Amino acid sequence: MKKMWKFLLFLPLLAFMVACDDDDTTDMEPDAPTIAEALNSTADLSTLDAAVAAVNGLEAQLLAANEITVFAPNNAAFEDALEAFDAADLNELVAAIGGVDNLETVLGYHVVADVVFAADLSNSQSLPTLAGQNLTVNVSGSSVSVTDVSGNTFNVVTADIEIENGVVHVIDGVLLPELPEEEVPTIADALENTEDLSLLNQAVAAVEGLGTTLLGQEAITVFAPSNDAFEAVLDAYGVGNFPDLVTELGGVEKLDSILGFHVVPATAFAADLPDGDETFTTLIGQDITVNKSADGVTVTDANGNTYNVEQADVEIANGVVHIIDGVLLPELTYPTISGAIGATPALETLGSAVALFDGLGAALEGYDNITIFAPTNDAFQQLLDEYGAETLDELAEKVGGLEVIETVLKYHVVADTAVFSHDLTDGDEITTLAGAMLTVGVNEAGVTLTDVDGITYNVTTPNVRVDNGVVHIIDGVLLPIDRPTLVEAAMENDLDSLLTAVTAVPELPETLLGEEAITVFAPTNEAFENALDEFEVETLAELIDALGSVEALGTVLGFHVVPAVAYAADLEEGPNTFTTLANQQITVTKTDGAVTVSDGSNPDRNVVMADVTIQNGVVHVIDGVLLPDLE
């Protein structure tokens, strides 16, 4: 309580003392301003004030310092600095000297951590600054100047502006300390770190060695397409991703040419370009045209497409990058269809087949867009073997003439559209130039094609780009002819008795249909009637009883089947021995074109109709039933 009373008694005394103190100091100088107030209230230091505000925390640091001396560049000094660095404003100046961190170093170089009035300065005095570098003061009479580490000397035009924690001397120039050299990015850094160039970065990475080539160039100017530019190209080619674009362009080699077409082996900043058109030769030896006008800079490619420079002068270690709003396309050359086929040894037979028909090659070249499924030599050889032919002419005879061969070739052509592998989906049905359909299969292993005969072949080499479309190499010859099964052939050729006998043996139809390759010597209905007479029976059931079992009938029928394809033309003159599905041998004899078959016990049977093609082989119709050893 006593302490409280003492405090209350003290208040009037304190008020009296303050009043007296006010009276005594009426004629004294007002309190000195802070550095912030000094800069803010001095019109000729407004640019310095803005510069200090641009460095986060610098003003607070200066306010908190115990003692400082500030050599403060006036507005005219900053104007000189803008001109020296070719900058239009403070922001451009900051960019020119390497960013805000360097601005902080520059401003710190104008501050000494001590209070030094003009009268305290001496000639050639070295003063340490907040930037960690010294500046030199020169005194001549009443004149004071300051020299920076580069030897630039500026005058103190107004000295001894007192501030709360020190003094300000206004100078007529901006002092420059030693600044760290700006790290200029490489082209690789620029592509990787520029979000709008991420697709271009992917493109460069897709071409092995291109990045190294660009880094190794002494000087380059890169016209770099933005992501939007690449997206527009994806849309133009009707693809949804970058790998598919590479495919449609014709492979990585073409991509390499396109990217090289964006690079000039010299450095050309926007300011270096003359007004009007200028032609530059690119890395691939083709020219682009650059136009500079009041509206900006444009680039025109080999096809006359013109695109704008959206962002100029991105400096890199060995040149400059200009970001553009389109992808420049050089003159890209592709082989003709005949050129592509002729340059591929594995397609020699296909070339010979096309050459059989006057005008067919030219007709194919005449389509604006085309897709060709090209069978290999091995594929044609497989077809020749299947039909027992040695040449395409022999094949034509066996399948019904050259017209059929032409239809077969057209069955491998899709007209008026270029279908790349990425355009195909599983189950697609494609209409060919022959009018017949192909069915597409797509799986992890690749693309397959199934013809009307139900035979499936593989696309072994997809997407061979030609000047008017695309070629896919396949491992089989597609047939537009729906070849019958053995059952269908029997029905079409009046072999009802054979068909009835085969279906009477459990699982035999499935066995015959499931064999990969068969030759069937098929007895006529009359031949079966003769066999019934020989066994003195009237029905198939009675014949089975006479043979002893259904299994025995199966052996008889299997004795008519060879598990391989043998057309009449495949047979050598004289006797030919074959092992049948019954695991017993028959002898087939060819004499001057006539063919007979012998079971070894009965008279020879004559082939009355040869070479009935079925899906898994061939049928020869004979005039008698062959009998194996049933014991």
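The values are calculated or read from the model by the stated rules, or taken from the named source; none is laboratory data. Since the structure is predicted, the reported quantities are computational estimates derived from the model, not experimental observations. Quick reminder, even Gly has a Cβ in these numbers, built from the backbone with ideal geometry, and neighbours come from all protein chains shown. The accessibility values were calculated without ligands, DNA or RNA, using every heavy atom of the protein model including side chains. Shrake-Rupley method; radii C 1.70, N 1.55, O 1.52, S 1.80 Å.
Taking the residues in region 516-535 that are under 23 Å from Y567 (Cα atoms) and surrounded by fewer than 17 Cβ atoms within 10 Å (Cβ to Cβ) as candidates, determine which candidate is nearest to the chain's Cα centre (by Cα).
Restricting to residues being under 23 Å from Y567 (Cα atoms) and surrounded by fewer than 17 Cβ atoms within 10 Å (Cβ to Cβ), the top hit is E516.
Kindly indicate which of E278, E310 is under 20 Å from V233 (Cα atoms) and either in contact with a strand residue (DSSP E or B) (Cβ under 7 Å, 6 or more places away or on another chain) or at pLDDT below 95 (or both). Break it down into steps so the answer makes sense when it comes.
Numbers: E278 fails: under 20 Å from V233 (Cα atoms).
The unique qualifying residue is E310.
Quick one: V146 ticks every box in (1) at pLDDT 95 or above; (2) within 30 Å of A72 (Cβ to Cβ); (3) open to solvent by 60 Å² or more (accessible area, probe 1.4 Å) except a single one, so which number is it?
(3)
For the structure I just gave you, tell me whether L383 is at pLDDT below 95, surrounded by 17 or more Cβ atoms within 10 Å (Cβ to Cβ) and not in a loop (DSSP other than H, G, I, E, B). Full working, then the answer.
Details: at pLDDT below 95: yes; surrounded by 17 or more Cβ atoms within 10 Å (Cβ to Cβ): yes; not in a loop (DSSP other than H, G, I, E, B): yes.
Against the criterion (at pLDDT below 95, surrounded by 17 or more Cβ atoms within 10 Å (Cβ to Cβ) and not in a loop (DSSP other than H, G, I, E, B)), L383 qualifies.
Scan region 569-590 residue by residue and report those that are farther than 20 Å from E551 by Cα and open to solvent by 80 Å² or more (accessible area, probe 1.4 Å). Steps first, answer last, please.
First pass over region 569-590, keeping only residues farther than 20 Å from E551 by Cα: 569-578, 587-590.
E572, E573, P575, T577 - these are the residues of region 569-590 that are farther than 20 Å from E551 by Cα and open to solvent by 80 Å² or more (accessible area, probe 1.4 Å).
Taking V320, is it of a type outside the set (S, T, Y), modelled with pLDDT of 95 or more and closer than 30 Å to A266 by Cβ?
Details: of a type outside the set (S, T, Y): yes; modelled with pLDDT of 95 or more: yes; closer than 30 Å to A266 by Cβ: yes.
So V320 fits the description; yes.
Looking at region 280-297, I want the residues that are open to solvent by 50 Å² or more (accessible area, probe 1.4 Å) and have a partner that is of a type in the set (S, T, Y) with Cβ atoms under 7 Å, at least 6 apart or on another chain. Which pairs are those?
Close Cβ pairs (under 7 Å, with a partner that is of a type in the set (S, T, Y)) amount to I284/S257; D287/T279; D287/T281.
Could you figure out which of (1) touching a residue at least 60 places away in the same chain (Cβ under 8 Å); (2) part of a helix (DSSP H, G or I); (3) touching a helix residue (DSSP H, G or I) at 6+ places or on another chain (Cβ under 6 Å) isn't true of A72?
That leaves (2) as the condition not met.
Checking A501 against (1) hydrophobic (A, V, I, L, M, F, W, C); (2) part of a helix (DSSP H, G or I); (3) within 29 Å of L449 (Cβ to Cβ), which single condition isn't satisfied?
Evaluating A501 over (1) hydrophobic (A, V, I, L, M, F, W, C); (2) part of a helix (DSSP H, G or I); (3) within 29 Å of L449 (Cβ to Cβ) leaves (3) as the failure.
Among the candidates Y334, Y307, single out the residue that is part of a loop (DSSP other than H, G, I, E, B) and in contact (Cβ under 8 Å) with a residue 60 or more places away in the chain. Spell out how you get there, then give the answer.
Values: Y307 fails: part of a loop (DSSP other than H, G, I, E, B).
Among Y334, Y307, only Y334 is part of a loop (DSSP other than H, G, I, E, B) and in contact (Cβ under 8 Å) with a residue 60 or more places away in the chain.
Can you work out which of the residues in region 409-441 that are of a type in the set (S, T, Y) and in a loop (DSSP other than H, G, I, E, B) is surrounded by the most Cβ atoms within 10 Å (Cβ to Cβ)? Talk me through it step by step, then tell me what you get.
As a first pass, look at region 409-441 and keep what is of a type in the set (S, T, Y): 411, 417, 421, 425, 431-432, 439.
Still in the list and also in a loop (DSSP other than H, G, I, E, B): 411, 417, 425, 432.
Working: Y411: 22, T417: 14, T425: 9, T432: 20.
Checked region 409-441; the qualifying residue surrounded by the most Cβ atoms within 10 Å (Cβ to Cβ) is Y411.
Does P73 count as open to solvent by less than 40 Å² (accessible area, probe 1.4 Å) and either more than 30 Å from V314 (Cα to Cα) or within 54 Å of the chain's Cα centre (by Cα) (or both)?
Working: open to solvent by less than 40 Å² (accessible area, probe 1.4 Å): yes; either more than 30 Å from V314 (Cα to Cα) or within 54 Å of the chain's Cα centre (by Cα) (or both): yes.
Yes, satisfied.
Please determine whether any residue of region 548-566 is among the polar types (S, T, N, Q) and touching a strand residue (DSSP E or B) at 6+ places or on another chain (Cβ under 7 Å). Don't jump to the end; show me each part of the working.
From region 548-566, those among the polar types (S, T, N, Q) are 549, 555; that's our starting set.
Restricting the remaining residues to those that are touching a strand residue (DSSP E or B) at 6+ places or on another chain (Cβ under 7 Å) gives none.
Within region 548-566, not a single residue is among the polar types (S, T, N, Q) and touching a strand residue (DSSP E or B) at 6+ places or on another chain (Cβ under 7 Å).
Before we move on, is E208 modelled with pLDDT of 90 or more, part of a loop (DSSP other than H, G, I, E, B), open to solvent by 20 Å² or more (accessible area, probe 1.4 Å) and acidic (D, E)? Spell out how you get there, then give the answer.
Details: modelled with pLDDT of 90 or more: yes; part of a loop (DSSP other than H, G, I, E, B): yes; open to solvent by 20 Å² or more (accessible area, probe 1.4 Å): yes; acidic (D, E): yes.
Taking the combined requirement at face value, the residue satisfies it.
Could you go through region 5-28 and let me know if any residue there is modelled with pLDDT of 90 or more, surrounded by fewer than 18 Cβ atoms within 10 Å (Cβ to Cβ) and farther than 20 Å from S150 by Cα. Write out each step before concluding.
Initial filter on region 5-28 (modelled with pLDDT of 90 or more): none.
Scanning region 5-28, I find no residue that is modelled with pLDDT of 90 or more, surrounded by fewer than 18 Cβ atoms within 10 Å (Cβ to Cβ) and farther than 20 Å from S150 by Cα, so the answer is no.
Give me the strands (runs of 3 or more DSSP E) completely within region 532-615, filtered to those with at least 3 residues that are β-branched (V, I, T), ordered by residue number. It would help to see each step written out before you state the result.
Working: elements: 574-579, 585-591, 594-598, 605-614.
It comes to 585-591, 594-598, 605-614.
If the requirement is being under 60 Å from the mean Cα position of the chain (by Cα), surrounded by fewer than 14 Cβ atoms within 10 Å (Cβ to Cβ) and in contact (Cβ under 8 Å) with a residue 40 or more places away in the chain, which of these qualifies: P480, P484, P506? Even if it seems obvious, please write down each step before you answer.
Values: P480 fails: surrounded by fewer than 14 Cβ atoms within 10 Å (Cβ to Cβ); P484 fails: surrounded by fewer than 14 Cβ atoms within 10 Å (Cβ to Cβ).
Answer to the check: P506.
From (1) in contact (Cβ under 8 Å) with a residue 24 or more places away in the chain; (2) farther than 19 Å from F380 by Cβ; (3) open to solvent by 20 Å² or more (accessible area, probe 1.4 Å), pick out the condition that doesn't hold for A445.
The number of the failed condition is (1).
Please count how many residues of region 459-479 are under 22 Å from N443 (Cα atoms) and assigned to a loop (DSSP other than H, G, I, E, B).
4
A546 versus (1) aliphatic (A, V, I, L, M); (2) surrounded by 16 or more Cβ atoms within 10 Å (Cβ to Cβ); (3) without any contact (Cβ under 8 Å) to a residue 40 or more places away in the chain: which is the lone unmet condition?
Single failed check for A546: (2).
If you check I430, I405, I455, which single one turns out to be touching a helix residue (DSSP H, G or I) at 6+ places or on another chain (Cβ under 7 Å), hydrophobic (A, V, I, L, M, F, W, C) and closer than 22 Å to Q615 by Cβ?
The conditions single out I405.
Which residue, of D623, D592, is acidic (D, E) and touching a strand residue (DSSP E or B) at 6+ places or on another chain (Cβ under 7 Å)? Steps first, please.
Details: D592 fails: touching a strand residue (DSSP E or B) at 6+ places or on another chain (Cβ under 7 Å).
Among D623, D592, only D623 is acidic (D, E) and touching a strand residue (DSSP E or B) at 6+ places or on another chain (Cβ under 7 Å).
Taking V52 as the residue in question, decide whether it is part of a helix (DSSP H, G or I), at pLDDT 50 or above and within 30 Å of V157 (Cβ to Cβ).
On the way: part of a helix (DSSP H, G or I): yes; at pLDDT 50 or above: yes; within 30 Å of V157 (Cβ to Cβ): yes.
Answer is yes for this residue.
Would you confirm, using the coordinates I've provided, whether A363 is within 30 Å of N303 (Cα to Cα), surrounded by fewer than 18 Cβ atoms within 10 Å (Cβ to Cβ) and free of Cβ contacts under 8 Å to residues at least 24 places away in the same chain?
On the way: within 30 Å of N303 (Cα to Cα): yes; surrounded by fewer than 18 Cβ atoms within 10 Å (Cβ to Cβ): yes; free of Cβ contacts under 8 Å to residues at least 24 places away in the same chain: yes.
Yes, satisfied.
With the condition kept exactly as written, say whether any residue in region 97-106 is in a helix (DSSP H, G or I), closer than 23 Å to A159 by Cβ and open to solvent by 40 Å² or more (accessible area, probe 1.4 Å).
Within region 97-106 (the criterion being in a helix (DSSP H, G or I), closer than 23 Å to A159 by Cβ and open to solvent by 40 Å² or more (accessible area, probe 1.4 Å)), the answer is no, since none of the residues qualifies.
Given the options E348, E310, E315, E331, name the one that is under 22 Å from the mean Cα position of the chain (by Cα) and open to solvent by 50 Å² or more (accessible area, probe 1.4 Å). Even if it seems obvious, please write down each step before you answer.
Working: E348 fails: under 22 Å from the mean Cα position of the chain (by Cα); E310 fails: under 22 Å from the mean Cα position of the chain (by Cα); E315 fails: under 22 Å from the mean Cα position of the chain (by Cα).
After ruling out the rest, the residue left standing is E331.
For the subset of region 150-159 comprising residues that are within 60 Å of the chain's Cα centre (by Cα) and open to solvent by 60 Å² or more (accessible area, probe 1.4 Å), which member is farthest from A118 (Cα to Cα)?
As a first pass, look at region 150-159 and keep what is within 60 Å of the chain's Cα centre (by Cα): 150-154.
Of the ones still in play, those that are also open to solvent by 60 Å² or more (accessible area, probe 1.4 Å) are 150, 152-153.
Details: S150: 23, N152: 20, T153: 17 Å.
Once the filter is applied, the top-ranked residue is S150.
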